[in-house]
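Each remark here refers to the structure printed beneath this line.
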Amino acid sequence: KAGVTQTPRYLIKTRGQQVTLSCSPISGHRSVSWYQQTPGQGLQFLFEYFSETQRNKGNFPGRFSGRQFSNSRSEMNVSTLELGDSALYLCASSFSNEQFFGPGTRLTVL
Amino acid sequence: GENVEQHPSTLSVQEGDSAVIKCTYSDSASNYFPWYKQELGKRPQLIIDIRSNVGEKKDQRIAVTLNKTAKHFSLHITETQPEDSAVYFCAASRGGSYIPTFGRGTSLIVHP
């Protein structure tokens, strides 16, 4: 099976702009989770989608949103970008307990 | 919610030594404890996991132990090699629809 894929891999934006990141899970996986990874902060959970519904949500402001499509592909959107949003954004798909991570999207906000 | 503490944040060892990374969790209902390895510039990958009905699990040079009473679990790497250098994350989960809570990670450096 093909692994989890994310696009784009790298992105540079300026403050105030918005960005949309995409994640395609492993075929058959209905759960997609998003994480923000910054140095020293580990993996911070953003939200999880299951069958097109947000099932779990972390402690991030409303500028961070997401959605999932009927084919389980997921997108996350960040509006009004801030410098502190610069990070590696990882998505992970799962069938049961184990999470399979994508390669991530490196977002730099200037 | 669940809270996972991981120590140490950095661990430096000589090749051939053993390395131990420890995690504690707060939710007594957690029953699934995975460990992920993230090499520089790469994605986290599951290296071993343990469920609450088991006290220890081994896979070649790595092993994980779980103490449910004390709510802590540990990763043990024996005969470390330079390619073991990476950031290791522990996590705890109730399973099912619950998302794992991750520790902050341990940067393991193995000196040749």
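Calculated accessible area for the protein assembly as shown comes out at 49 Å² per residue, all protein chains present (probe 1.4 Å; ligands, DNA, RNA ignored).
Using only alpha carbons, chain A has a radius of gyration to Kirkwood radius ratio (Rg to Rh) of 0.95. For the stretch B:103-111, backbone phi angles converted through the Karplus equation (6.51, -1.76, 1.60; θ = phi - 60°) give residue-by-residue couplings of x, 7, x, 10, 8, 9, 10, 10, 8 Hz, Gly and Pro being listed as x.
Name the trypsin sites (Lys or Arg not before Pro) in the stretch B:29-112 that are in a loop by DSSP and that have at most 10 other C-beta atoms within 10 Å, would you? Display every interim value, and only then the final one.
Details: sites: B:37, B:42, B:51, B:57, B:58, B:61, B:68, B:71, B:94, B:104; in loops: B:42, B:61, B:68, B:71, B:94, B:104.
Here no loop site has a sparse enough neighbourhood.
3J(HN,Hα) couplings calculated from phi for the stretch B:53-70 with the Karplus curve 6.51 cos²θ - 1.76 cosθ + 1.60 (θ = phi - 60°) are, in sequence order, 8, 10, x, 7, 9, 10, 8, 6, 8, 10, 8, 10, 10, 9, 10, 5, 5, 7 Hz; Gly and Pro show x.
The contact residues of the stretch B:88-111, meaning those that lose at least 10 Å² of 1.4 Å-probe accessible area when all protein chains sit together rather than their chain alone, are B:89, B:95, B:96, B:97, B:99, B:100, B:102, B:104. With heavy atoms of protein chains only and a 1.4 Å probe, what residues of the stretch A:77-107 have at least 50 Å² less accessible area in the full set of chains than alone? Listed by number, the residues meeting the 50 Å² cut-off are A:97, A:98, A:99, A:101.
Rounded to the nearest percent, how much of the accessible area of chain A (1.4 Å probe, protein heavy atoms only) is carbon and sulfur?
Numbers: 2600 of 5240 Å².
Result for chain A: 50 percent of the exposed heavy-atom area is carbon or sulfur.
For residue A:31, the residues whose modelled amide H falls within less than 5 Å of its own, excluding neighbours fewer than 5 places apart on the same chain, are A:94. Contact residues in the stretch A:31-46 (at least 50 Å² less accessible area with all protein chains than alone, 1.4 Å probe): A:43. In summary, the stretch A:28-89 shows an alpha-carbon radius of gyration equal to 1.13 times the 2.2 N^0.38 Å reference for compact globular proteins.
Kirkwood hydrodynamic radius, the protein assembly as shown, all distinct C-alpha pairs: what's the number in Å?
Details: mean 1/r = 0.0556 Å⁻¹.
Kirkwood radius, the protein assembly as shown: 18.0 Å.
Once the Cβ-Cβ distance between residue B:51 and residue A:12 is put in as r, and R0 is 41 Å, what FRET efficiency do you end up with, to the nearest 0.05? Please report the intermediate quantities before stating the final value.
Details: r = 42 Å, r/R0 = 1.03.
FRET efficiency, residue B:51 to residue A:12: 0.45.
Rg over Rh for chain B works out to 0.96, both radii taken from alpha-carbon positions and Rh defined as the Kirkwood radius. Anisotropy class assigned to the stretch A:57-110 is prolate, per the alpha carbon gyration tensor with a/c at or over the 1.5 cut-off and a/b larger than b/c. Out of residues 5 or more away from residue A:52 or on other chains, whose amide H comes under 5 Å of its own, with H placed 1.01 Å from N in the peptide plane? Here nothing satisfies the definition.
Give me the percent of the accessible area of chain B that comes from carbon and sulfur atoms, probe 1.4 Å, all protein chains in place.
That share works out to 46 percent.
Nearest 100 Å², what total accessible surface is buried between chain A and chain B (probe 1.4 Å)? It would help to have the intermediate numbers written out before the result.
Numbers: alone 6000 and 6510 Å², together 10940 Å².
So the total buried area for this chain pair works out to about 1600 Å².
The values are calculated or read from the model by the stated rules, or taken from the named source; none is laboratory data. Fair warning: this is a prediction, and the values are worked out from it, not measured in the lab. Cβ coordinates were reconstructed from backbone atoms using ideal geometry, including for glycine residues, and neighbour counts include every protein chain displayed. These area figures cover heavy atoms from the full protein model, side chains too; ligands, DNA and RNA do not enter into them. Shrake-Rupley method; radii C 1.70, N 1.55, O 1.52, S 1.80 Å.
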